[in-house]
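Data block below; observations after.
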Amino acid sequence: MPRLITFLLGFGIGLAGDAAHVVSGTTVYTSGIPTIWKSEIWFPFVVGFAVLAAAEVGRRAGLPRRPRRVNDVVIGAAVVLALYALTAALRGQPATVSVVLCAAIAVAVWAWWDPSAAAFGIAAAAAVLGPVAEMFVADYASDSDGLFGVAPWLPCLYFAAGAVASGVLGALSQNRATTKPLTPTG
């Protein structure tokens, strides 16, 4: 069940965040592939599986290193979605301002969630792999494509998402292991 929840978190956040990017004009789909909400049908599945992959790597690395519960997963996911929406609102803003703001938030997310070297490594890998993948499949608006065809702030968004994803399975598993069944005495 934790893996399904992790996949669905990635699916939902990817779908909602991408809708914000499409509505703001940050990204555009022109291929004619069927869409879900505003995203091409394949997009939320790819994000869901990518989040699950990062979470599985993190689980195998023993992440998160600090105790986390379901409410922490909800907060982490909400902050990543808020950063996603913020990047849609930053369309047309100077790259320096956008990158500094997004980078500061992304580093704060990592430092709050799990400031370990392992979580940093997974977040950094996401910050490289995510934008590189998007360079081949995404169409960004001309005022949002300053990093080899993708937005300059995109690595920051992936860094924050990777940081949180790195510990989601561990957090959901910790929660299951520490939850005690209800008894007649409470």
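Matching residues to (1) of a type in the set (Lys, Arg); (2) surrounded by fewer than 22 Cβ atoms within 10 Å (Cβ to Cβ); (3) modelled with pLDDT under 95:
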| site | (1), (2), (3) |
| --- | --- |
| ALA103 | no, yes, no |
| VAL107 | no, yes, no |
| ALA119 | no, no, no |
| SER144 | no, no, yes |
| TYR158 | no, no, no |
| VAL164 | no, no, no |
| LEU169 | no, no, no |
| THR178 | no, yes, yes |
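Quickly run through region 118-130 and pick out the residues that are within 17 Å of ASP72 (Cβ to Cβ) and either touching a Phe, Trp or Tyr at 6+ places or on another chain (Cβ under 9 Å) or in a loop (DSSP other than H, G, I, E, B) (or both).
ALA119, ALA123
Out of region 131-142, which residues are assigned to a helix (DSSP H, G or I) and surrounded by fewer than 21 Cβ atoms within 10 Å (Cβ to Cβ)?
Hits for region 131-142 are VAL132, ALA133, GLU134, MET135, PHE136, VAL137.
So, in region 121-130, how many residues would count as being of a type in the set (Val, Ile, Thr) and buried (at least 20 other Cβ atoms within 10 Å of the Cβ)?
Counting residues in region 121-130 that are of a type in the set (Val, Ile, Thr) and buried (at least 20 other Cβ atoms within 10 Å of the Cβ) gives 1.
Applying the selection to region 19-50, what residues are crowded, with 22+ Cβ neighbours inside 10 Å and within 11 Å of the chain's Cα centre (by Cα)?
VAL47
List pairs: first in region 75-86 and more than 18 Å from GLY25 (Cβ to Cβ), second at pLDDT below 95 and part of a helix (DSSP H, G or I), Cβ under 8 Å, 6+ apart or cross-chain?
Between residues of region 75-86 that are more than 18 Å from GLY25 (Cβ to Cβ) and residues that are at pLDDT below 95 and part of a helix (DSSP H, G or I), there is no close pair.
Condition first: aromatic (Phe, Trp, Tyr) and touching a strand residue (DSSP E or B) at 6+ places or on another chain (Cβ under 9 Å). Now tell me which residues in region 110-167 satisfy that.
Across region 110-167, the qualifying residues are TYR140, TRP153.
The values are calculated or read from the model by the stated rules, or taken from the named source; none is laboratory data. Here the structure is a predicted model, which means the values were calculated and not measured. When we count neighbours, we look across all protein chains shown, and the Cβ atoms used for this are built from the backbone with ideal geometry, even at glycine.
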